[in-house]
Structures are given as structure tokens and as C-alpha cells.
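Structure first, commentary second.
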Amino acid sequence: MAAVFETGRRQVLAHRVAAHQLDRSESRPGRLAVLDLGVQDTPHGSARLALAARTTSEPPDDGSLTLIWSTRGAPHLHRRSDLPALAAALWPLGDADATARISATAIRDGARMGVAAFTAAAEALRAVVREPMPKGEVSAAVSARVPESLTYWCRVCQAQHISGGLFQQVGLPAGVRLDPSGPGTVLAPVQDWPGVPGAASGTAGLLRTQLRLLGPAGLAEAAKFLGTTQTATRQVWPGGLAEVRVDGRTAWLPEEDLDALRSAPAPRLVRLLPPSDPFLQARDRSLLVPDRERQQAVWRVLASPGALLVDGEITGVWRSRLASKGRLNVTVTAFDALSSPVRDAVRDEAQRVAEVRGAADLTVTFTD
């Protein structure tokens with residue numbers, strides 16, 4: 001039996017900073033490692049800011065990156081070439097897994113359909129979206145096609161709606177992407193889509209990638225990443241993992257990444273991470289931010305701010321607002337006092353945010 005590697009949270013954070021290429025060592029946005037899992041775009045625009053925190057180059061505008069509902073039904077930016085394999089990896093592992101992923105009290109009977117619920121919804125969505133269409137029109141058309149048990153009565157709209165959680169989770173397997181070119185949410189077909197998956201495949205490899213970028217981590221964190229139960233996740237728990245003890249807690253990392261964890265240098269950088277940044281997607285939040293009050297400041301139920309990352313530690317939060325005449329106002333709230341060099345670095349990073357958001361002018365305000 002291989003020896004268990006002992007380490008602490010600071011070394012784990014250093015490893016994750018390196019794994020996420022937050023040192024801007026990759027000049028080609030499409031090659032960034034975080035795209036192996038996808039970059040969540042909540043709120044819209046966050047994905048571009050997450051890429052900007054990792055590279056100074058602009059993302060390609062050639063269709064090679066696609067915005068689509070994927071993991072847990074949330075909008076993510078992915079490489080177009082990765083989508084078919086990802087759709088199979090995220091497909092439910094069985095009926096119990098599918099029911100757990102739906103997790104909608106409004107359609108309890110429909111949730112019991114298991115995989116059949118995903119199949120019916122995905123096939124309906126694929127049949128409806130043959131050209132760019134507003135989300136509302138798509139939802140109405142899909143609701144009319146699926147079994148009634150997958151819909152509920154919406155008092156506001158006075159209509160039967162498909163469960164929103166299920167609707168968005170089948171966006172990827174249906175080959176339906178988000179078109180951000182205009183106002184409102186528009187759905188469009190992914191060209192040359194191979195079809196709705198017949199069964200899950202490659203899920204263990206996806207979890208291995210999750211552990212590579214957000215590890216060392218455990219079964220519970222992997223299950224939360226998929227949006228399912230530990231029982232289901234255990235079925236596809238990957239092999240070839242090294243056991244790691246992080247401040248006494250058992251976690252796992254791909255064996256080939258153990259040397260990278262051991263040798264990860266202490267980071268020396270300042271970054272403004274947007275809300276839902278891949279670095280913040282780790283489910284072991286107490287490791288990222290040990291203080292409970294600070295956790296609540298970083299991860300809010302609604303409208304989470306961005307996070308200020310200084311040398312591997314989350315040391316504050318930030319928000320931005322685009323005002324009139326192209327001015328971006330960035331407000332940084334630090335948990336502790338920031339040194340003058342760190343403040344200067346924050347201003348530099350805020351300028352990068354302004355560039356991505358198309359602002360011609362910038363104001364940065366620091367608060368405690």
C-alpha cells in the first residue's frame with residue numbers, strides 16, 4: 001500500500017493556483033486547463049473574466065468556445081470539440097441518480113421516471129430547437145411535448161411549465177447552446193450534434209479532471225460537483241488515486257499529480273476572481289476560507305460578489321458596476337488591511353476587468 005502523503009491547506013491552495021494557471025503561464029485561452037471542466041458563466045460575463053484572470057490574450061471568436069447549459073444545468077463556457085464526450089460523462093448513471101439530479105419537489109412523480117425523464121426532455125428540446133429561438137418559446141414548446149408529470153402549473157404565467165432544473169440539465173445532451181449575441185436568453189442548435197446519449201460514459205474521467213483541478217478532495221465534494229448523491233458517485237469513482245491527508249482530513253488526488261502538489265511554489269500574485277470562477281467552485285469551502293463569516297461574504301445565496309485572491313488566499317470580495325459614459329466602478333472590500341503594493345496590483349487587475357467589459361474609464365474604491 002502506498003504511503004499517505006501529509007500536507008496542509010496552504011500547500012493545497014498553492015497547488016490549485018498552479019493547476020488553474022492563475023500565474024498566466026498559458027497565452028492561449030482555448031488551451032486553459034479550466035476549460036477541461038468548463039467555466040461557469042453566472043452572472044453572464046463571468047466566464048470571460050475568469051479567462052482574463054488566467055491569460056492576457058483575448059478568447060478566440062471562431063466558434064471553438066461555446067456557451068451551453070452543462071454541469072448541474074448551469075451555463076458554462078466549453079470547447080466545442082469537448083461537448084459530445086462531456087454530454088455522455090454528465091448523463092445520469094441510472095434511475096436513482098437521475099431522480100437525485102432532478103431534485104424538484106414540483107415534479108415528484110416526474111422525477112421518479114429517472115433516466116426516462118432526462119431522455120424525454122432532451123429529445124423534446126432537440127426536436128424543438130432547429131434555429132435560434134427565445135428561451136420562453138422553447139420552454140413552452142418543450143412543455144407541450146414531454147409527459148405531463150415533468151411539468152408543473154405556474155401561477156404567474158398561468159401555464160404548464162417543464163421543471164426548470166430538468167430543462168437546463170438536458171441542454172447539453174440535446175445539443176442546444178446559448179446564443180449570447182442579442183438581448184434575452186436565446187437558444188440555438190449545436191451543429192452536427194451526434195444525438196442524445198444512450199448511456200453515461202466517461203464519468204470517472206470527468207471526476208479525475210475535477211480532482212486534478214480542485215483536489216485533493218473527497219467523494220462528498222465530487223458528488224456536489226455532479227449535483228448528485230455520494231452513492232451514485234461511488235459507482236464511477238476513478239482508480240489510480242493517491243490518498244492525501246490535508247490537515248488530518250482524508251482526500252484524494254490523481255497519482256500523477258502528487259509531485260505537482262508536493263512541489264507547488266508559494267504563489268505571489270493578485271487576482272480579481274469573478275463570481276463562479278473555477279477556483280471558487282471547490283466544494284471544500286472551509287479549506288478555501290476557514291472563517292465562517294467570510295465564507296458567507298464570498299458565497300451568497302443570491303448575487304455573490306467576486307473574490308480577491310492574494311498569494312493564494314481569498315482576502316476580500318469585490319463588485320463592479322458599469323456607469324454612464326463607459327466608466328466602470330470597482331469596489332473592493334478587504335477582510336484585512338491591504339498593503340500599498342497589493343492595492344496597486346488590485347488596480348492593475350481592475351484595469352484588466354475594465355478592458356474585458358469594454359469600459360473606457362475606471363474608478364477603484366477600497367473599503368474595509
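Couple of notes before you dig in:
- Screening Arg343, Arg283 for residues that are within 21 Å of the chain's Cα centre (by Cα) and either surrounded by 15 or more Cβ atoms within 10 Å (Cβ to Cβ) or modelled with pLDDT of 95 or more (or both) leaves exactly one candidate, Arg283.
- Of the residues making up the stretch 174-192, those that are surrounded by fewer than 20 Cβ atoms within 10 Å (Cβ to Cβ), among the β-branched types (Val, Ile, Thr) and in a loop (DSSP other than H, G, I, E, B) number 1.
- All told, Ala85 falls short of being farther than 30 Å from Val270 by Cα, assigned to a helix (DSSP H, G or I) and more than 20 Å from the chain's Cα centre (by Cα).
- Verdict on Gln11 being at pLDDT 95 or above, of a type outside the set (A, V, I, L, M) and either in contact with a Ser or Thr (Cβ under 9 Å, 6 or more places away or on another chain) or in a loop (DSSP other than H, G, I, E, B) (or both): no
- Output for the stretch 193-241, where each listed residue is assigned to a helix (DSSP H, G or I), in contact (Cβ under 8 Å) with a residue 60 or more places away in the chain and more than 27 Å from Gln21 (Cβ to Cβ): Thr231, Ala232
- All strands (runs of 3 or more DSSP E) inside the stretch 242-331 with 1 or more residues being touching a Pro at 6+ places or on another chain (Cβ under 8 Å) and not assigned by TED's automatic domain parsing to the domain that holds Val346: 249-254
- Restricting Leu77, Leu51 to those that are in contact with a Leu (Cβ under 8 Å, 6 or more places away or on another chain), buried (at least 21 other Cβ atoms within 10 Å of the Cβ) and assigned to a helix (DSSP H, G or I) reduces the list to Leu51.
- Out of Leu338, Leu322, sole residue that is aliphatic (A, V, I, L, M), farther than 23 Å from Val12 by Cβ and either touching a His at 6+ places or on another chain (Cβ under 6 Å) or modelled with pLDDT under 95 (or both): Leu322
- Pairs meeting the criteria (first residue in the stretch 314-330 and of a type in the set (D, E, K, R), second residue assigned to a strand (DSSP E or B), beta carbons under 6 Å, at least 6 apart or on different chains) are Arg319/Thr331; Arg321/Asn329; Arg327/Asp361.
- Checking Gly45 against (1) in contact with a Phe, Trp or Tyr (Cβ under 8 Å, 6 or more places away or on another chain); (2) among the small types (Gly, Ala, Ser); (3) surrounded by fewer than 22 Cβ atoms within 10 Å (Cβ to Cβ), the condition it does not meet: (1)
- Residues located in the stretch 108-148, provided they are touching a Pro at 6+ places or on another chain (Cβ under 9 Å) and part of a loop (DSSP other than H, G, I, E, B): Met113, Gly114, Val129, Arg130, Glu131, Pro132
The values are calculated or read from the model by the stated rules, or taken from the named source; none is laboratory data. On a predicted model such as this, the values are computed, not experimentally measured, just so you know. Glycine gets a Cβ as well: all are built from the backbone with ideal geometry, and neighbour counts include every protein chain shown.
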